[in-house]
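Student: Once you've had a glance at the structure underneath, I'll fire off some questions.
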Amino acid sequence: MSIQPEIIIRPDGAVVQQAAAEYVATLIQKRVEARGAFTLVLAGGNTPRGLYQRLTDEPFHSQVPWEQVHVVWGDERYVPYADGESNYQMARESFLMHVPIPQDQVYPIPTHYPTPHKAATIYARMVEMTLEMGEGLFDLVILGIGADGHTASLFPHHPALDTSEDILVVAVENAPKPPPQRVSLTAATLSRAACVLFLATGAEKAEAIHATLHGPPDPYRWPAQRIQPPAPAGKMVWFVDSEAGEHAGVDRAVDRHHG
Ligand code: 6PG
């Protein structure tokens, strides 16, 4: 049994980012209150930048117990951290430099090893340790989606999709979205989440969102379909703007929070 995603539609990108920030901040507060820690998996790409920036603003900067948050990444481009394409750099500049998450609780994917395969093997240990903090689940996994339906660095029809279930982190070669070399948590690992939050804006994402949510099961063509938090306790929420949600034929009946 897969869980029923919640779809939250907002008129435009700015309002979506604010709504997502409110959701994330509240979730961190609740789970830290309940168990004293929070494990957060960050998304890359451009869309989450707005969410991350809002989390550094008040009231979230003061309200959220940042000192109890542990951070890993869902994927990384295999470039130096100083590279403009680095997901670590984007999160550091827009978010991590501006909130008091202890540096030794931030675990970037290493990109200095000779190959992404070596980095994937090393990072798997960090992922395992982070999962153990949450009895086998991340508290929150934030993901984006590409117009082609990829999520993290899991691309349609890519050999990396066939990684065996016991592998937590996979090296990705020849990614269709540059840079070509990447490291990604597998779909099975990204699914080990108490909550998965997809964030997407813009008409170019509409087809992928519709196919992922409402199309026939085709997890090779639409890899985001592979992301399935554990039922019944797992949650999945999509924050989309009207363009991404409207053209996607998203079932507005499940939109309980239309702004
Ligand atoms: C990456 C991301 C990727 C991203 C989507 C959407 O490293 O490229 O992890 O999965 O989330 O490509 O990217 P945008 O947010 O830039 O549209």
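Student: Quick check: anything in the range 167-186 under 19 Å from VAL79 (Cα atoms), small (Gly, Ala, Ser) and touching a helix residue (DSSP H, G or I) at 6+ places or on another chain (Cβ under 6 Å)? It would help to see each step written out before you state the result.
Tutor: Narrowing the range 167-186 to residues under 19 Å from VAL79 (Cα atoms): 169-185.
After this cut, where a residue has to be small (Gly, Ala, Ser) as well, the list is 171, 175, 184.
With touching a helix residue (DSSP H, G or I) at 6+ places or on another chain (Cβ under 6 Å) added as a condition, the list becomes 171.
Within the range 167-186, one or more residues are under 19 Å from VAL79 (Cα atoms), small (Gly, Ala, Ser) and touching a helix residue (DSSP H, G or I) at 6+ places or on another chain (Cβ under 6 Å).
Student: Pairs please, first residue from the range 89-107 and touching a residue at least 40 places away in the same chain (Cβ under 8 Å), second anywhere and of a type in the set (Phe, Trp, Tyr) and assigned to a strand (DSSP E or B), Cβ atoms under 9 Å, 6+ apart in sequence or on different chains.
Tutor: Sorted first by the residue in the range 89-107, then by its partner, the pairs are ALA91/TRP73.
Student: Within the range 42-55, restricting attention to residues that are buried (at least 20 other Cβ atoms within 10 Å of the Cβ) and either among the polar types (S, T, N, Q) or more than 11 Å from the ligand (Cβ to nearest atom) (or both), which residue is nearest to TYR88 (Cα to Cα)?
Tutor: My answer is TYR52.
Student: Can I ask one more? For the range 96-152, enumerate the residues that are more than 16 Å from the ligand (Cβ to nearest atom), under 19 Å from GLN228 (Cα atoms) and aliphatic (A, V, I, L, M).
Tutor: Hits for the range 96-152 are LEU131, LEU137.
Student: Which of the following residues is more than 16 Å from the ligand (Cβ to nearest atom), outside any loop (DSSP other than H, G, I, E, B), among the charged types (D, E, K, R) and at pLDDT 95 or above: GLU93, GLU58, GLU33, GLU76? Step through it out loud before you land on a result.
Tutor: Working: GLU93 fails: more than 16 Å from the ligand (Cβ to nearest atom); GLU58 fails: outside any loop (DSSP other than H, G, I, E, B); GLU76 fails: more than 16 Å from the ligand (Cβ to nearest atom).
The unique qualifying residue is GLU33.
Student: Assess whether ILE167 counts as being near the ligand (Cβ under 10 Å from one of its atoms), at pLDDT 95 or above, part of a loop (DSSP other than H, G, I, E, B) and of a type in the set (Val, Ile, Thr).
Tutor: no
Student: Within the group LEU168, LEU185, LEU161, which residue is among the aliphatic types (A, V, I, L, M) and closer than 29 Å to ALA19 by Cα? Step through it out loud before you land on a result.
Tutor: On the way: LEU168 fails: closer than 29 Å to ALA19 by Cα; LEU161 fails: closer than 29 Å to ALA19 by Cα.
Result: LEU185 is the single residue among LEU168, LEU185, LEU161 that is among the aliphatic types (A, V, I, L, M) and closer than 29 Å to ALA19 by Cα.
Student: In the range 61-73, which residues are more than 25 Å from ASP12 (Cα to Cα) and either within 16 Å of the ligand (Cβ to nearest atom) or assigned to a helix (DSSP H, G or I) (or both)?
Tutor: If the condition is that a residue be more than 25 Å from ASP12 (Cα to Cα) and either within 16 Å of the ligand (Cβ to nearest atom) or assigned to a helix (DSSP H, G or I) (or both), then SER62, GLN63, TRP66, GLU67, GLN68, VAL71, VAL72, TRP73 are the ones that fit.
Student: Only residues that are in contact with a strand residue (DSSP E or B) (Cβ under 6 Å, 6 or more places away or on another chain) and either under 12 Å from LEU197 (Cα atoms) or part of a helix (DSSP H, G or I) (or both): list them for the range 1-26, please.
Tutor: Matches in the range 1-26: PRO5, GLU6, ILE7, ILE8, GLY13, VAL16, ALA19, ALA20.
Student: Something else: Restricting attention to the range 180-221, and to residues there that are surrounded by fewer than 24 Cβ atoms within 10 Å (Cβ to Cβ) and charged (D, E, K, R), which single residue is nearest to the ligand (Cβ to nearest atom)?
Tutor: GLU204
Student: Residue under question is ASP162, and the condition is that it be away from the ligand (no atom under 16 Å from the Cβ) and touching a residue at least 24 places away in the same chain (Cβ under 8 Å); does it hold? Walk me through how you get there before you give the answer.
Tutor: Numbers: away from the ligand (no atom under 16 Å from the Cβ): yes; touching a residue at least 24 places away in the same chain (Cβ under 8 Å): no.
The answer is no for ASP162.
Student: Is it the case that some residue within the range 231-244 is among the hydrophobic types (A, V, I, L, M, F, W, C), within 20 Å of ARG77 (Cβ to Cβ), within 15 Å of the ligand (Cβ to nearest atom) and buried (at least 24 other Cβ atoms within 10 Å of the Cβ)?
Tutor: First, the residues of the range 231-244 that are among the hydrophobic types (A, V, I, L, M, F, W, C): 231, 233, 236-240, 244.
Restricting the remaining residues to those that are within 20 Å of ARG77 (Cβ to Cβ) gives none.
Looking for residues that are among the hydrophobic types (A, V, I, L, M, F, W, C), within 20 Å of ARG77 (Cβ to Cβ), within 15 Å of the ligand (Cβ to nearest atom) and buried (at least 24 other Cβ atoms within 10 Å of the Cβ), one finds none in the range 231-244, hence no.
The values are calculated or read from the model by the stated rules, or taken from the named source; none is laboratory data. Given the structure is predicted, the values throughout are model-derived calculations rather than measurements. FYI the Cβ positions are ideal-geometry reconstructions off the backbone, even for glycines, and counts take in every protein chain you see.
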